[in-house]
Every structure is written in C-alpha cells, then in structure tokens.
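Here the structure comes first, spelled out in structure tokens, and everything after it is commentary.
What follows draws every value from the coordinates through simple rules; no lab data is involved. These figures come from a predicted structure and were not determined experimentally. Neighbour counts are summed over all protein chains in view; Cβ atoms, including those assigned to glycine, are modelled from backbone coordinates with ideal geometry.
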Amino acid sequence: MYAIVDIAGQQFKVEKDQKIYVHRIEGEEGSKVEFDQVLLIEDDGKVNVGAPVVDGALISGKIVAHLKGDKVQIFKKKRRKGYQTLNGHRQQFTELLIEGIAANGAKKAAKKEEKPKTEAKSEPKKETKQTSAKKAEPAKTEEKKETKAAKPKTESKKAKPAAKKKETKAAAKDEPKKAAPKKAAPKAEKKDDSNKEAK
C-alpha cells in the first residue's frame, strides 16, 4: 500500500515505515504530524485517485529530526570586468517517519470533533436581565423620535443673515450716488511749450 501526498508544496510517494526528507516544517522533534492533501492511494491493486484530493484520506507521521543538506556554492564571475562573488547555502530539511496511511482517517477525526458540538447545543439558554433590558431600549428610542417630531421647527439661523443682506442692498439703492471726484487733466500744454522752445 502506498500513497502520493503533497507536503509543503512537494509531492512524495510514501509507504508505511518509510523515512523521507521534506523542506523544513514546524514542530519539535518527536512530535506527530498529519497530512490530508492525499492525491492518490493504492491498496492491493485498487487505485483511488482524488479530484484533486482523496476524501477522508490521511497520512500520519512523526518528526525524527531537523537537519541541513549539503553545502551548495554559488560562484559568479564576469570576465574582464573584475567581478566575482562566492556564496554558500545549506537547505534546511525535516526527516519524517511515515507511521500510517488511512483511506478514511480524516472522516473519523471529523466525527469525533462534531460530537462535543451537539452536546453544547442541547443545553437550554437562560434569559438574563441584560436581554430584557435590551428589548426595552427600542421602545424608549421610539418615544424620543415622537417628541422630536412634535416640536415645531424654528427658523434656521442661515435665513436671518440672508434677510439682513437684502435690507442693506435696498438701503444702498435709496441713497443718492455721490459724484466721483474728477481727476486733474494731464499737463500736456507744458510739453508743447518745451517742444516749441526747442525749435
């Protein structure tokens, strides 16, 4: 029996009691992990292909160790430019031990989780004083609305300044216009005299 499972974005063909190395996943050494992204399960010649995953399939495993891969050197050079760099990298991996492959393990786990929820729903809810106070609040708000509607609206403040402006304009029309003082004529005669003397 084997399965193809998606772990941290990579697909692995796994069997029971097999050790695999995957990109580092969260968890302490010795802790158990489960993967439900099972793409295919083969059991005694019967192949079950998911669309995209097999419903209810579950892969259980254990984290054996966190370790690093071999060092990879990255060397870059541009000839005749005096440019070269050397960098190193060690990828972090997690060693997993596959403990079991279950075709319907996820369904069983979901049923166990649902049972406590049904028990919680069966308990009757008791009405508290707070709920009765909340029900009484809407009646008070309706009374406030009615009192606001009953009060007559006074003239708005904006209307009064507009009336004053109209009065000032009417008063300005009634008053006779004052004659504007005449400006003195430019002294062109002196210029003419100076021109005559120059001749």
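Annotations
- Taking (1) part of a strand (DSSP E or B); (2) surrounded by 15 or more Cβ atoms within 10 Å (Cβ to Cβ); (3) β-branched (Val, Ile, Thr) in turn, Val53 satisfies each apart from (1).
- Search result, residues across region 83-101 that are part of a strand (DSSP E or B) and touching a residue at least 60 places away in the same chain (Cβ under 8 Å): Gln92, Phe93, Thr94, Glu95, Leu96, Leu97, Ile98, Glu99, Gly100, Ile101
- Residue count for region 1-25 under the criterion of being part of a strand (DSSP E or B) and either buried (at least 16 other Cβ atoms within 10 Å of the Cβ) or among the acidic types (Asp, Glu) (or both): the result is 10.
- Looking only at region 26-47, residues that are surrounded by 15 or more Cβ atoms within 10 Å (Cβ to Cβ) and part of a strand (DSSP E or B) come to 7 in all.
- Test: residue in region 72-82 that is in a strand (DSSP E or B) and under 34 Å from the mean Cα position of the chain (by Cα): no
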